[in-house]
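The values are calculated or read from the model by the stated rules, or taken from the named source; none is laboratory data. Since the model is a prediction, treat every value here as computed from it, not as a measurement. Glycine also receives a Cβ, built like all others from the backbone with ideal geometry; neighbour counts cover every protein chain displayed.
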């Protein structure tokens, strides 16, 4: 366990360092974005000094790490707000779509995997659906359920000063856009192990003895499938959190992903760093948990 935690810490260090360097290498910085294209050099120099962007790269990164060691994620370069509360607010909004989408994708993915386990044609159709770009899927859902049928709002704007609980219909499209391709991906990933387990002698024997299919599934198939499902679900947790960037931006949902897209566009490095840190931490935590579940299932 100690070795796994050490590797996780090293991975986090690599992630935050890489993100900082990549963001710093982008054309323009926050001062240029705020000042606009027509700003004179004196104005740019003043803005850079005020934002601390005139300091060497290593010094800025060191200051961010020093603050992180004390639980301080810094302040936004755009509006000066503390990054921590801003992140918590947006993460809470994204949790309203990511958690239901994750649960739905795992349940639906496992169910589809069991159905198509020995059907090659159906498996190919599932794989094709998993490859559909999120932009295309979101556009299709909006065209069908918002524009065509009028059942759902075309954008997922939250009420001013309110929450999504006041208008839950705004959550349906983002949850669906996240869950459907994720379920297809998990079904494709779990199909092989499911087919293998369903062909094992103890499962075949249970069917021959007349054990009800539901009982065979619950007592013999699903327990042996727990490891692959847990590992796939762990990957999905990180992928869904990262996938919110496209879905939230397209549907105007004010969550974690939209915050990242805006921060990259405005070169708001402290916000980008914090989002990358949270993303990486979530992925590592669920992967470690999935590994323990897989090892427990293998015993």
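Just one of the listed residues (255, 238) is farther than 18 Å from residue 80 by Cβ and touching a residue at least 60 places away in the same chain (Cβ under 8 Å), and it is 255.
Each residue in region 40-58 was checked for being more than 31 Å from the chain's Cα centre (by Cα) and in a helix (DSSP H, G or I), and 10 pass.
Before we move on, is residue 187 within 21 Å of residue 104 (Cα to Cα) and crowded, with 19+ Cβ neighbours inside 10 Å? Yes.
Given the condition in a loop (DSSP other than H, G, I, E, B) and not assigned by TED's automatic domain parsing to the domain that holds residue 266, answer yes or no: does some residue in region 15-26 qualify? If you could, list the steps in order and put the result at the bottom.
Residues of region 15-26 that are in a loop (DSSP other than H, G, I, E, B), as a first pass: 25-26.
Subsequent filtering for residues that are not assigned by TED's automatic domain parsing to the domain that holds residue 266 retains 25-26.
Within region 15-26 (the criterion being in a loop (DSSP other than H, G, I, E, B) and not assigned by TED's automatic domain parsing to the domain that holds residue 266), the answer is yes, since at least one residue qualifies.
Which residue, of 73, 87, 91, is buried (at least 17 other Cβ atoms within 10 Å of the Cβ) and in a loop (DSSP other than H, G, I, E, B)? Please lay out each step first, then the result.
Values: 87 fails: in a loop (DSSP other than H, G, I, E, B); 91 fails: in a loop (DSSP other than H, G, I, E, B).
From the options 73, 87, 91, the qualifying one is 73.
Would you kindly identify the helices (runs of 4 or more DSSP H) lying entirely within region 191-299 that contain at least 1 residues that are under 19 Å from the mean Cα position of the chain (by Cα) and surrounded by fewer than 19 Cβ atoms within 10 Å (Cβ to Cβ)? Spell out the reasoning first.
Values: elements: 201-208, 213-216, 222-251, 256-265, 269-298.
Because the criterion is at least 1 residues that are under 19 Å from the mean Cα position of the chain (by Cα) and surrounded by fewer than 19 Cβ atoms within 10 Å (Cβ to Cβ), the helices (runs of 4 or more DSSP H) in region 191-299 that meet it are 222-251, 256-265, 269-298.
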